[in-house]
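In what follows, a structure is listed as structure tokens, so that the remarks can point back to it.
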Amino acid sequence: MLRLWVWPFLALLMALLGPSQLGRTATPPRIVAVGDLHGDRAVWLAIARAAGIIDSKGKWAGGNTIFVQLGDVADRGPDTRQIVEHLKRLQKEAAHRGGQVVALVGNHEAMNMTDDLRYVDPGEFEAFVTGSSKQVRERVYSANRPAIDAAYRASNPQLSSEVIKALWFQATPLGKIEHQIAWKPTGEIGRWVVSNPAVTKIGDTLFVHGGISAAYSTMPLGEINRRVAEALKAQDRRPEAIINDPRGPLWYRGLVTREPLDETTATSAANPAAPLLTIDQEIGLVLNAYGVKRIVVGHTPSLKGIVSIFGGKLWRTDSGNSRAYGGVPSYLEISGDRVVAHPVPRP
């Protein structure tokens, strides 16, 4: 009896919709992608406004746009905390308006979470200074004085306690302790970073900060993200950890170049031997592994602007946005199969 009622209903529905409606697929949402920002709030706001994802007050204006930030918000510039807070706010605003903000984990986020602070701009510490920062620093020094004295005297046994204190204070500018607390896995920034993916697939496009090497191409995206989150929570400093591995998603440059082009030698781990696959072959392997048409990466700078290689199979979005690099501020726009790079005047 149920079938007697169901089939007439389906027939009526098909007649009302017609073949054009039944065969129509939903229009994919517009995607905007922005590469490394490295602590430059002014350029970030200029790019976001040019892309139409925020209004003049910095609020979400992108509708159902999906915005992807490719990682490396941190280091080299003073405005990291402000950019992070803005992205966190936009994630909530976009979700309420049918859009989405995806912030990927970059190698510099991982470095900050593992206390590798070689590239922190002084302004990034200053952003955490409060009226109690002097007392915080004094309390930390007093609580750890024996260990601090021992560490300094290991290299120079003749140092007095007064000299050691002066040296430690010099190496611990105001705000640094609060900065380190914020970047811990339980801190205000660290919790957010851990919650973000290292790689995401949206439609026919794969987004990742560094790249996916052949060594990781058999791993499901969910597993990659799970391992990255676990390593961040553990503040894993081992060279072979996924967040430090030169072939891992945060550091890999092999989809762009096979030159030893890295800022820190990635970690103390040596770069792997040259892969047997050519760059084109490895890109093809990754495309097939994840069922996508293109890969979008940051990490490896292209200071003349966003560029693509191998017929649009790979797009490089790290165009040196930050004034620390002085490249061409840019964003990438994807609408279906149409992919366009947009330069933006530097503010």
Margin query: Compute the helix-to-body angle for 41-50: its Cα long axis versus the longest principal axis of the chain, expressed 0 to 90° and rounded to tens.
Written below: 10 degrees
Notebook entry, point to check: Going 7 Å from the Cα of LEU285 in the Cα-to-Cβ direction, what parts of segment 229-251 have a backbone nitrogen less than 18 Å from that spot?
Noted result: 245-251
Check: Which percentage, to the nearest 5, of the DSSP beta bridges contained in the chain is antiparallel?
Finding: 55 percent
Checklist line | Nonlocal amide H pairs with ARG294, under 5 Å, H built at 1.01 Å | finding: LEU206
Next item on the list: Please give the FRET efficiency for GLN235 paired with LEU276, using the beta carbon to beta carbon distance and R0 = 41 Å, rounded to the nearest 0.05.
Entry: 0.75
Margin query: Which one, THR130, VAL120, ALA166, is farthest towards the positive end of the dipole of segment 109-172 when Lys and Arg carry +1 and Asp and Glu -1 on their Cβ?
Written below: ALA166
Check: When the chain is fully extended, how far beyond the present Cα-Cα distance does GLN158 get from GLU93, taking 0.36 nm per residue of separation?
Finding: 17.6 nm
Notebook entry, point to check: When the convex hull of the Cα atoms of segment 33-122 is projected onto a plane and the area is averaged over all directions, what value comes out in nm²?
Noted result: 5.3 nm²
Margin query: On a 19 Å Cα-Cα criterion, which of the cross-link pairs LYS88/LYS313; LYS201/LYS293; LYS57/LYS88; LYS59/LYS92; LYS88/LYS293 come out too long?
Written below: LYS88/LYS313; LYS88/LYS293
Next item on the list: Round to the nearest 10 and give me the degree value, 0 to 90, for the angle of helix 279-290's Cα axis relative to the longest principal axis of the chain.
Entry: 60 degrees
Checklist line | Whole-Å semi-axes of segment 130-174's equivalent ellipsoid (Cα gyration tensor) | finding: 21, 10, 7
Item checked: Scaled radius of gyration (Cα, divided by 2.2 N^0.38 Å) that the chain gives -> 1.17
Next item on the list: Rounding to the nearest 20 debye, state how big the charge dipole of the chain is about its Cα centre with +1 on each Lys and Arg Cβ and -1 on each Asp and Glu Cβ.
Entry: 800 debye
Next item on the list: Sticking with the crude label model, points 7 Å out along Cα→Cβ, report the distance from GLN82 to ALA215 in nm, one decimal please.
Entry: 3.9 nm
Check: Hey, rough spin-label estimate for THR172 and GLU126, points 7 angstrom out along Cα→Cβ, what's it come to in nanometres?
Finding: 2.2 nm
Notebook entry, point to check: Quick one: helix 133-143 against the long Cα principal axis of the chain, what's the angle to the nearest 10°, folded into 0 to 90?
Noted result: 60 degrees
Margin query: On a full-extension model of 0.36 nm per residue, what is the gain between SER195 and ASP55, subtracting their alpha-carbon distance, rounded to one decimal in nm?
Written below: 47.8 nm
Notebook entry, point to check: Which far-off residues, 5 or more places away or on another chain, put their amide H under 5 Å from the one on LEU37, with H placed in the peptide plane?
Noted result: VAL73
Next item on the list: Just grab the label-to-label distance for HIS342 and VAL307, each label 7 Å out from Cα along the Cβ direction, in nm (one decimal).
Entry: 2.3 nm
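Taken together, the values in this text are just the output of simple stated rules run on the coordinates, not laboratory data. What you see is a predicted model, and the numbers here were worked out from it, not measured in a lab. Cβ: placed from backbone, ideal geometry, glycine included. Neighbour counts: every protein chain shown.
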